[in-house]
Each structure stands twice: as C-alpha cells, then as structure tokens.
Amino acid sequence: MQTKYLAKIFVTLRPSVLDPAGVAVQSGLQQLGYDNVDQVRIGKYIELTITSTEEKKARQDLDRICDQMLANPVIENYRFELIEVETQTGVF
C-alpha cells in the first residue's frame, strides 16, 4: 500500500548566522513606524508531495532530501510537517 504525504518544510538560518535580509526588513519596518518589531529572520518555505509505503520511511527520505538539497546544514536549520493526503491500495 502506497501513501502520499504533503510535506511542509521550513528552513531558517541558525541563530548564530547573521541575516542581512532580516536586518533590511526590520529597518524598513521601523521606517514605516513599526518600532515594536525587535528582530526579523528570513527563511524558506517549501511544499512537496512524497509517496512511501510507511510514514517512517517518508520521514527518513525527507530528512535526507532536506539535508542534501533544500538546506545548507552548516548555516541553516530545518523542520518539516508531514500530512497524509491519499492512500492507494493495490487492485487485485
């Protein structure tokens, strides 16, 4: 049985890494009068679908995908949510 999952992936800079884009957005917000914004960090949001025979395998595959392609593990952290969207059973 194959199950299709929707993965929602969030990639952010590690706290120790400077974020010039975030600093620029924060400065712009302050210029617009939003003095109550203390810190802005910019990241990436990615959605993909993945098909697997079990959720554990899908999570392992996603972990490798994020580590090898979607994030730079030296300077970025990532996390993902996995949502089952469709289960396909074999026809006999």
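Per-structure values
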{"read-out": "Enumeration of residues in the range 38-63 that are more than 20 Å from GLN2 (Cα to Cα), loosely packed, with under 13 Cβ neighbours inside 10 Å and at pLDDT 95 or above", "value": "TYR45"}
{"read-out": "Those residues of the range 8-21 which are outside any helix (DSSP H, G or I) and either more than 17 Å from the chain's Cα centre (by Cα) or acidic (Asp, Glu) (or both), in sequence order", "value": "SER16, VAL17, LEU18, ASP19"}
{"read-out": "Of all residues making up the range 64-92, the number that are outside any helix (DSSP H, G or I), loosely packed, with under 12 Cβ neighbours inside 10 Å, among the polar types (S, T, N, Q) and at pLDDT 95 or above", "value": "0"}
{"read-out": "The range 54-80 residues that are at positive phi and in contact (Cβ under 8 Å) with a residue 40 or more places away in the chain, paired with ones that are in a helix (DSSP H, G or I) and surrounded by 15 or more Cβ atoms within 10 Å (Cβ to Cβ) (beta carbon under 9 Å, 6 or more apart)", "value": "none"}
{"read-out": "Cβ pairs under 8 Å, 6+ apart, first in the range 1-20 and in contact (Cβ under 8 Å) with a residue 40 or more places away in the chain and farther than 17 Å from ASP67 by Cβ, second in a loop (DSSP other than H, G, I, E, B) and small (Gly, Ala, Ser)", "value": "MET1/GLY90"}
{"read-out": "Any hit, the range 66-83, residues being hydroxyl-bearing (Ser, Thr, Tyr) and touching a Lys or Arg at 6+ places or on another chain (Cβ under 6 Å)", "value": "no"}
{"read-out": "GLN30, sole failed condition from (1) in a strand (DSSP E or B); (2) of a type outside the set (A, V, I, L, M); (3) surrounded by 12 or more Cβ atoms within 10 Å (Cβ to Cβ)", "value": "(1)"}
{"read-out": "ALA24 being among the hydrophobic types (A, V, I, L, M, F, W, C) and not in a helix (DSSP H, G or I)", "value": "no"}
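The values are calculated or read from the model by the stated rules, or taken from the named source; none is laboratory data. Just so we're clear, the structure is a prediction, and the values are computed from it rather than from any experiment. Backbone-built Cβ (ideal geometry, glycine too); neighbour counts: all protein chains shown.
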